[in-house]
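The values are calculated or read from the model by the stated rules, or taken from the named source; none is laboratory data. Owing to the predicted nature of the structure, the values given are computational and were not obtained by experimental measurement. Heads up, the Cβs are rebuilt from the backbone with ideal geometry, glycines too, and the neighbour counts pull from every protein chain shown.
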Ligand SMILES: [Zn+2]
């Protein structure tokens with residue numbers, strides 16, 4: 001089968017479009033014929049290499065898979081060959097206390113397709129049967145592949161971690177990113193007021209189309225000053241962070257008393273400081289968030305199938321042009337998701 005493979009870490013040039021051996025399912029596993037695979041910022045980290053994360057090499061990246069089940073392994077009972085599926089990205093042990101409690105993103109063995117196991121930038125991918133979810137029939141394969149990781153992550157951040165309440169005010173950083181464009185929609189679904197930031201006016205206009213109430217150009221304007229102006233000095237209830245060093249101080253300063261900052265990433269750097277006097281006297285909460293669990297994924301998919309949440313597809317590339325797709329994603333010029341189309 002054809003796949004995107006890299007055998008050492010580096011820039012986009014390490015990605016090779018090549019032939020790899022066919023896959024066979026083990027007990028409780030399925031092989032999915034991939035029709036589309038969404039890219040995430042995670043793919044760039046995995047390709048570049050992360051300190052202390054021994055990605056098995058050679059490696060096939062790709063976490064967000066839409067396709068059709070091709071083969072089922074022994075003891076598979078809930079899905080069958082020929083069924084259209086959207087795969088949950090998280091692969092877990094299924095047996096530990098966290099998995100049994102439904103908090104599978106707390107599993108010590110948690111990984112994503114395309115992270116510690118081979119992923120979906122290929123004609124076929126292998127995964128556990130429990131990762132197969134009902135296909136949202138109103139969507140094309142490319143649209144469906146734009147859903148999993150970012151919507152699941154944004155849901156876990158806003159609902160489970162930050163305990164978002166209806167009609168609260170939410171500051172969403174980087175609304176043009178996959179996770180940001182998902183967060184805008186989720187916050188609007190709960191009737192919240194959304195202040196969205198992006199780096200240019202074209203992206204801000206698209207954030208507005210997604211429902212954002214107020215817009216901040218984070219290159220031309222100072223985020224905390226704009227938030228202060230827009231909220232009559234009050235600040236926001238929730239800050240949705242994934243940018244890191246470059247926005248951290250403004251994010252913390254934008255919170256109202258009792259506000260919650262939730263973060264799932266740090267694309268501009270990991271170093272951040274916080275004034276502890278500010279943290280305790282204003283009773284702020286700083287919340288870390290990582291991926292999401294399968295129950296949240298199921299909820300998100302119901303809302304996607306009902307048209308309440310919509311994938312934001314920026315651009316597609318053929319699988320063979322994965323390198324160009326990585327370069328495009330790295331440039332930060334997209335609004336929403338970049339998806340690979342797989343030759344059938
Ligand atoms: Zn587990």
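The table for this structure:
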quantity	calculated
Condition broken by residue 251, with the remaining ones in (1) buried (at least 21 other Cβ atoms within 10 Å of the Cβ); (2) over 19 Å from residue 280 (Cβ atoms) satisfied	(2)
Pick from region 94-116, criterion in contact (Cβ under 8 Å) with a residue 60 or more places away in the chain and more than 10 Å from the ligand (Cβ to nearest atom), ranking: nearest to the chain's Cα centre (by Cα)	112
Enumeration of residues in region 55-82 that are over 16 Å from residue 5 (Cα atoms) and surrounded by fewer than 17 Cβ atoms within 10 Å (Cβ to Cβ)	68, 73, 74, 75, 77, 78, 80, 81, 82
Residue in region 51-62 that is on the phi > 0 side of the Ramachandran plot, away from the ligand (no atom under 16 Å from the Cβ) and touching a residue at least 60 places away in the same chain (Cβ under 8 Å) present	yes
Meets criteria (buried (at least 22 other Cβ atoms within 10 Å of the Cβ) and either in contact (Cβ under 8 Å) with a residue 60 or more places away in the chain or within 30 Å of residue 330 (Cα to Cα) (or both)) for residue 90	yes
Members of region 263-301 found to be closer than 29 Å to residue 138 by Cα and out of contact with any strand residue (DSSP E or B) (no Cβ under 9 Å at 6 or more places or on another chain), listed by number	290, 295, 296, 299, 300
Failed condition for residue 75, given (1) away from the ligand (no atom under 16 Å from the Cβ); (2) at negative phi; (3) modelled with pLDDT of 95 or more	(2)
Any hit, region 176-185, residues being over 19 Å from residue 290 (Cα atoms), touching a residue at least 24 places away in the same chain (Cβ under 8 Å), within 16 Å of the ligand (Cβ to nearest atom) and out of contact with any helix residue (DSSP H, G or I) (no Cβ under 6 Å at 6 or more places or on another chain)	no
Residue within region 15-30 that is within 16 Å of the ligand (Cβ to nearest atom), more than 18 Å from residue 153 (Cα to Cα) and in contact with a strand residue (DSSP E or B) (Cβ under 8 Å, 6 or more places away or on another chain) present	yes
Check on residue 154, under 20 Å from the mean Cα position of the chain (by Cα), buried (at least 18 other Cβ atoms within 10 Å of the Cβ) and more than 29 Å from residue 240 (Cβ to Cβ)	no
Answer from 125, 91 - the residue that is within 16 Å of the ligand (Cβ to nearest atom) and either modelled with pLDDT of 95 or more or closer than 27 Å to residue 5 by Cβ (or both)	91
